[in-house]
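Undergrad: Dropping the structure in here first, questions after.
The values are calculated or read from the model by the stated rules, or taken from the named source; none is laboratory data. None of these values were measured; they are calculated from a predicted model. Because the Cβ atoms are built from the backbone with ideal geometry, glycine has one as well, and the counts that use them run over all protein chains shown.
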Amino acid sequence: METTIKQTVADPKLQLAIYTATGRLMAKRSESIASEVLPDYQDLRTQANLLKKQAIENLDWYLEQFESNLALHGGKAVYCKNAEEVADFVLGLARERGARLIVKSKSMTTEEIDLNERLEHHGLEAVETDLGEYILQLAHERPYHIVAPALHKTRYDVAEIFSKRLGVENEVVIENQTMIARRVLREKFLSADIGITGANFLVADSGAVVLVENEGNARLTSSAPRIHIAVAGIEQLIPRAQDLAVFLQLLGRSATGQPITVYTSFLSGPRRADEIDGPEEFYVVLLDNGRTRLLADPEKRQSLYCIRCGACLNTCPVYRKIGGHNYPWIYSGPIGAIITPQFHGVMQDPWLPFASSLCGACAEVCPVKIEIPKLLLQLRSDVTAAKASEGKSGVELLAFRVFAWVMRHPRIFGFLGAVAAKLAPRVPKSMYPAALRSWVSERELPMPAPQSFRQLWRKRGRP
Amino acid sequence: MPRVSLFVTCIVDQAFPKVGLAMAEVLERLGYEIEFLEAQTCCGQPAFNSGYLEPARAVARHFLRTFQGSEYIVVPSGSCTTMIAHHYEDLFAQDPAMLAEVERLIPRVWEFSKFLLEVAQVDDVGARFDGVVTYHDSCHALREMKIKSGPRRLLSKVAGLTLNEMDIPEECCGFGGTFSVKFPEVSGGMARTKIESIVRTKADTVVSIDSSCLMQLQGAMSRAKLPIRTMHLAEVLASK
């Protein structure tokens with residue numbers, strides 16, 4: 001992991017790509033929420049936070065409400081505990097209906113459970129139809145960013161991927177690249193048997209799935225094939241359709257700076273008798289995959305408020321240095337740093353909550369006001385507690401116990417400071433302890449002052 | 001005039017004593033009687049931010065004991081003030097007796113620039129500083145204490161001083177306590193991004209209200225052989 005972070009930071013081309021893309025998204029976001037255009041932005045955030053709190057604190061109730069309202073329109077809710085259950089459901093349905101080809105629109109939830117790989121393993125073809133996701137599928141890579149999955153790819157990278165995987169001429173004009181993808185994907189849309197989408201929101205009081213997108217591929221995915229399956233984490237529920245007035249204003253702006261995205265689809269149930277298009281069958285997979293475990297912690301359960309806008313990634317100075325692929329899971333950036341340890345257990349990637357300067361820029365832009373720095377701090381103490389209980393504390397716990405002891409003994413603190421001030425200038429860099437070696441690998445080290453404040457103050461005499 | 005108790009912070013005490021002296025000088029000039037309690041050490045933030053709550057609590061208890069009798073505690077750091085005024089409550093959430101003590105402490109703890117503007121109610125301390133400066137918003141001061149315009153207002157009253165704003169004044173310098181040594185490349189990269197912005201201002205001095213940010217920026221600027229120095233706001237305000 002260390003070397004990869006190092007490589008990313010040292011790669012000027014990649015740094016420029018990340019910086020430019022996230023910077024552009026941030027600038028657009030700022031414009032779109034400026035007080036002249038959206039005076040009630042802060043009120044909307046507060047409302048969104050309260051609505052999500054209401055949904056998450058009463059999730060069982062809203063799930064049942066959603067399920068019964070969905071059934072009223074002829075849709076069917078499918079509860080799945082984990083990735084295997086989702087794959088089994090889709091495979092079973094495909095077998096029964098004789099389906100072979102699946103088109104997919106962008107969905108972090110399906111990325112989370114490696115759905116494509118699981119389906120392909122059983123002989124189904126699952127094609128991503130979001131342009132960024134399609135590029136990554138061809139390149140065999142996972143998303144770099146929650147909203148802009150191929151953010152790290154330049155058009156020259158895309159030209160190379162297309163010519164290698166699609167056998168087309170080297171094409172570096174973005175519009176033409178889009179047309180190449182469009183030609184391939186149109187064929188897929190027309191012959192697919194099943195369309196799988198995610199869900200940006202599940203609306204409990206109307207049993208509707210809301211999809212938000214810019215390319216129109218999600219709308220095609222959900223309406224062209226005979227069967228539509230929406231895969232959603234159970235936390236994507238919101239109480240009422242009217243709450244979309246809050247969430248839709250915030251999502252597009254926070255994600256890409258759009259007051260509203262190009263397409264917003266409200267899907268409730270399959271095609272009705274008097275309708276000319278839409279699927280014959282409509283399923284909503286309600287995925288747990290560890291979410292109910294997060295509900296157990298009254299403080300940290302706010303992590304489930306996330307509406308996957310990606311604003312915290314764009315503003316995060318750490319994400320902007322290390323990029324998306326150095327995070328251990330598909331959820332990167334600040335939100336990834338708080339949910340990954342909760343889904344996987346803190347000891348799987350114990351370094352993750354520490355990879356933050358705690359600057360708080362994420363919390364400032366979060367449209368649902370998740371207290372990310374506070375949760376990072378809690379996860380840090382969860383890590384140290386887990387290490388202690390597994391007997392893996394190492395020298396750090398000892399070091400902080402010594403620190404606390406010294407800090408409770410001001411004379412010893414003063415004495416040690418005076419000793420350090422005398423010795424420090426004579427210690428060669430090669431003999432520095434690890435932490436100081438790490439410091440000087442990037443920066444000059446200030447020497448302790450020859451005389452500390454307490455020494456100088458004593459000499460100065462009390463006024 | 002009431003008496004003011006300095007909490008100079010461990011880093012200023014040991015590495016940047018001039019900042020503490022400058023703060024004392026400015027406050028004395030305003031007529032305050034200054035006390036420095038020698039029992040003081042650290043607020044406990046290094047342990048707290050590293051996930052070691054017990055050691056952090058031990059240091060916090062020591063702080064509370066040390067300053068129990070002080071009416072005004074003035075601190076040359078937004079970060080340490082935040083630790084005391086925001087996170088002690090988290091540390092002692094399960095301990096009602098300590099929590100009550102923390103609640104009594106919080107209104108008495110003042111970040112230096114905030115104390116000048118809100119308690120002393122002065123923005124012009126009669127300082128003179130000939131130079132072009134840029135102001136770095138330290139994260140905790142900015143985002144947890146909403147300190148943004150105050151230090152700039154104080155700087156605007158300094159004779160001879162020109163303030164040039166960065167294009168990214170609010171971006172983190174990359175210090176982050178132990179983060180700076182746990183992830184040196186990332187921390188160093190963040191510092192370089194900030195420094196590029198500093199250079200664009202053509203300032204000769206970077207000013208902040210946190211010595212830890214300044215240590216990071218100075219360390220990285222010296223490494224890059226840039227002739228730009230860092231100064232704590234107190235040092236600028238003490239200049240004549």
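Undergrad: Could you say which residue among B:PHE63, B:PHE36, B:PHE67 is crowded, with 24+ Cβ neighbours inside 10 Å and either free of Cβ contacts under 8 Å to residues at least 60 places away in the same chain or more than 24 Å from B:PHE129 (Cα to Cα) (or both)?
TA: Only one candidate passes the filter, namely B:PHE63.
Undergrad: To continue, here is another question. Return yes when A:ASN116 is over 29 Å from A:GLY257 (Cα atoms) and surrounded by 15 or more Cβ atoms within 10 Å (Cβ to Cβ) and no when it is not.
TA: Working: over 29 Å from A:GLY257 (Cα atoms): yes; surrounded by 15 or more Cβ atoms within 10 Å (Cβ to Cβ): yes.
Yes, satisfied.
Undergrad: OK, next. Quickly run through the range B:70-104 and pick out the residues that are part of a helix (DSSP H, G or I), in contact with a strand residue (DSSP E or B) (Cβ under 8 Å, 6 or more places away or on another chain) and surrounded by fewer than 19 Cβ atoms within 10 Å (Cβ to Cβ).
TA: none
Undergrad: Next question. Filtering the range A:127-140 down to residues that are surrounded by fewer than 22 Cβ atoms within 10 Å (Cβ to Cβ) and in contact (Cβ under 8 Å) with a residue 60 or more places away in the chain, which residue is farthest from A:ALA224 (Cα to Cα)?
TA: In this case the residue turns out to be A:LEU131.
Undergrad: Could you give me the residue pairs with C-beta distances under 6 Å whose first residue belongs to the range A:314-327 and is within 13 Å of A:ILE146 (Cα to Cα), whose second residue is among the hydroxyl-bearing types (Ser, Thr, Tyr) and in a helix (DSSP H, G or I) wherever it lies, and which are 6+ apart or on separate chains?
TA: A:ASN314/A:THR22; A:GLY323/A:THR8
Undergrad: Now for a separate question. When you check B:ALA56 against the structure, is it in a helix (DSSP H, G or I) and more than 8 Å from every other protein chain (Cβ to nearest Cβ), yes or no? Break it down stepwise before answering.
TA: Working: in a helix (DSSP H, G or I): yes; more than 8 Å from every other protein chain (Cβ to nearest Cβ): no.
So B:ALA56 fails the test.
Undergrad: Condition first: without any contact (Cβ under 8 Å) to a residue 40 or more places away in the chain and more than 14 Å from chain B (Cβ to nearest Cβ). Can you find one or more residues in the range A:4-20 that meet it?
TA: no
Undergrad: Filter the range A:398-409 down to the residues that are buried (at least 18 other Cβ atoms within 10 Å of the Cβ) and either facing chain B (nearest Cβ under 7 Å) or in contact (Cβ under 8 Å) with a residue 40 or more places away in the chain (or both) and list them by number.
TA: Of everything in the range A:398-409, those that are buried (at least 18 other Cβ atoms within 10 Å of the Cβ) and either facing chain B (nearest Cβ under 7 Å) or in contact (Cβ under 8 Å) with a residue 40 or more places away in the chain (or both) turn out to be A:PHE400, A:PHE403, A:ALA404, A:MET407, A:ARG408.
Undergrad: So which of A:ALA337, A:ALA355, A:ALA363 is closer than 19 Å to A:ARG291 by Cβ, buried (at least 19 other Cβ atoms within 10 Å of the Cβ) and at pLDDT 95 or above?
TA: A:ALA337
Undergrad: A further question follows. Please indicate, with yes or no, whether at least one residue in the range A:263-276 is outside the structural domain of A:LEU202 (by TED's automatic domain parsing), part of a loop (DSSP other than H, G, I, E, B) and either buried (at least 18 other Cβ atoms within 10 Å of the Cβ) or in contact with a Cys (Cβ under 6 Å, 6 or more places away or on another chain) (or both).
TA: Initially, the range A:263-276 is screened for residues outside the structural domain of A:LEU202 (by TED's automatic domain parsing), giving none.
The answer is no; no qualifying residue exists.
Undergrad: Please determine whether any residue of the range A:223-230 is of a type in the set (Lys, Arg) and closer than 22 Å to A:CYS306 by Cβ.
TA: Looking for residues that are of a type in the set (Lys, Arg) and closer than 22 Å to A:CYS306 by Cβ, one finds none in the range A:223-230, hence no.
Undergrad: Right, another one. Please verify whether the range A:38-59 includes one or more residues that are touching a strand residue (DSSP E or B) at 6+ places or on another chain (Cβ under 9 Å) and closer than 19 Å to A:THR221 by Cβ.
TA: no
Undergrad: Can you find a residue that is small (Gly, Ala, Ser), assigned to a helix (DSSP H, G or I) and out of contact with any Pro (no Cβ under 9 Å at 6 or more places or on another chain) anywhere in the range A:243-250?
TA: yes
Undergrad: Test A:PRO367 against the stated conditions and say whether it is more than 14 Å from chain B (Cβ to nearest Cβ) and closer than 26 Å to B:GLU170 by Cα. Before the answer, list the steps.
TA: Working: more than 14 Å from chain B (Cβ to nearest Cβ): yes; closer than 26 Å to B:GLU170 by Cα: yes.
Yes, satisfied.
Undergrad: Another question about this same structure. Being within 25 Å of B:GLU28 (Cα to Cα) and touching a His at 6+ places or on another chain (Cβ under 6 Å) is the requirement here; does B:SER79 meet it?
TA: Yes: the conditions hold for B:SER79.
Undergrad: Additional query: Examine the range B:221-239 for a residue that is hydrophobic (A, V, I, L, M, F, W, C), without any contact (Cβ under 8 Å) to a residue 40 or more places away in the chain and under 21 Å from A:ALA449 (Cα atoms), and state whether such a residue exists.
TA: Within the range B:221-239 (the criterion being hydrophobic (A, V, I, L, M, F, W, C), without any contact (Cβ under 8 Å) to a residue 40 or more places away in the chain and under 21 Å from A:ALA449 (Cα atoms)), the answer is yes, since at least one residue qualifies.
Undergrad: Among A:LEU93, A:LEU72, A:LEU63, which is in contact with a Leu (Cβ under 8 Å, 6 or more places away or on another chain), aliphatic (A, V, I, L, M) and surrounded by fewer than 19 Cβ atoms within 10 Å (Cβ to Cβ)? Give the derivation first.
TA: Values: A:LEU93 fails: in contact with a Leu (Cβ under 8 Å, 6 or more places away or on another chain); A:LEU72 fails: in contact with a Leu (Cβ under 8 Å, 6 or more places away or on another chain).
Of the residues listed, the single one that is in contact with a Leu (Cβ under 8 Å, 6 or more places away or on another chain), aliphatic (A, V, I, L, M) and surrounded by fewer than 19 Cβ atoms within 10 Å (Cβ to Cβ) is A:LEU63.
Undergrad: Something else: Residues of the range A:432-457 being under 17 Å from B:GLY189 (Cα atoms) and either assigned to a loop (DSSP other than H, G, I, E, B) or outside the structural domain of A:ARG411 (by TED's automatic domain parsing) (or both), which ones?
TA: Across the range A:432-457, the qualifying residues are A:SER441, A:GLU442, A:ARG443, A:GLU444, A:LEU445.
Undergrad: Could you check the range A:156-200 and list, in sequence order, the residues that are without any contact (Cβ under 8 Å) to a residue 40 or more places away in the chain and acidic (Asp, Glu)?
TA: Hits for the range A:156-200 are A:ASP157, A:GLU160, A:GLU169, A:GLU171, A:GLU175, A:GLU187.
Undergrad: Of all residues in the range B:6-33, count the ones that are small (Gly, Ala, Ser) and either surrounded by fewer than 21 Cβ atoms within 10 Å (Cβ to Cβ) or facing chain A (nearest Cβ under 7 Å) (or both).
TA: Summing the residues that are small (Gly, Ala, Ser) and either surrounded by fewer than 21 Cβ atoms within 10 Å (Cβ to Cβ) or facing chain A (nearest Cβ under 7 Å) (or both) in the range B:6-33 gives 3.
Undergrad: If I ask for residues that are in a loop (DSSP other than H, G, I, E, B) and more than 14 Å from chain B (Cβ to nearest Cβ), which ones from the range A:333-364 would you list?
TA: A:GLY345, A:GLN348
Undergrad: Out of curiosity, is A:TYR319 more than 14 Å from chain B (Cβ to nearest Cβ) and of a type in the set (Ser, Thr, Tyr)?
TA: Numbers: more than 14 Å from chain B (Cβ to nearest Cβ): no; of a type in the set (Ser, Thr, Tyr): yes.
No, not satisfied.
Undergrad: For B:GLY51, are the conditions met, namely being outside any helix (DSSP H, G or I) and either more than 9 Å from chain A (Cβ to nearest Cβ) or at pLDDT 95 or above (or both)? Steps first, please.
TA: Values: outside any helix (DSSP H, G or I): yes; either more than 9 Å from chain A (Cβ to nearest Cβ) or at pLDDT 95 or above (or both): yes.
Considered against the rule, which asks whether it is outside any helix (DSSP H, G or I) and either more than 9 Å from chain A (Cβ to nearest Cβ) or at pLDDT 95 or above (or both), B:GLY51 comes out as yes.
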